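In what follows, a structure is listed as structure tokens, so that the remarks can point back to it.
What follows is calculated from the coordinates using simple rules that are stated; it is not laboratory data. Predicted model, so just to flag it, every value in this text is computed and none were measured. Please note: Cβ atoms are built from the backbone with ideal geometry, for glycine as well, and neighbour counts cover all protein chains shown.
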Amino acid sequence: MDAHAVLSPDWHALAERMATRRDEIEDLLGLLRDHADPAAGSAAAVDQVAWAIACASLGDNHLWQDLGLPSRLELSVLIDHWFPRLAARNTHNMKWKKFFYKQLCLRADLLICKAPSCSVCSDHGLCFGPEVASAVAPH
């Protein structure tokens, strides 16, 4: 799976966020690298995919949209290929961006849900459920 052939974030649109939220990118890179499958590709390819995902996570749309992918399915396949242990932890099919940030909060012993369980949280609909493609300007 060639990272360059698959991912095409809008780097121009993300540039300012990437500059001001570097710590957040580093946290996301650490999470992804910690769950990388060495058999998926070279260390450089893992870093390229992790970098694209981390930076695109700063975007305003669904992560698959900010990565320039055609659907969430392709994003799930990509994450399962490069970061299968992390993908396996998303047992309830949480939206990927939300899932990554939840994992970061769990690492820091922070709870972001308003309830002790996601199933009773008032934000459940924001984290789980369908991701409808809205009109996104092409890169």
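A few notes on this one:
- Going from the fewest other Cβ atoms within 10 Å to the most, the residues LEU104, LEU75 appear in the order LEU104, LEU75.
- Between ARG33 and ALA45, the contour length at 0.36 nm per residue exceeds the alpha carbon distance by 3.2 nm.
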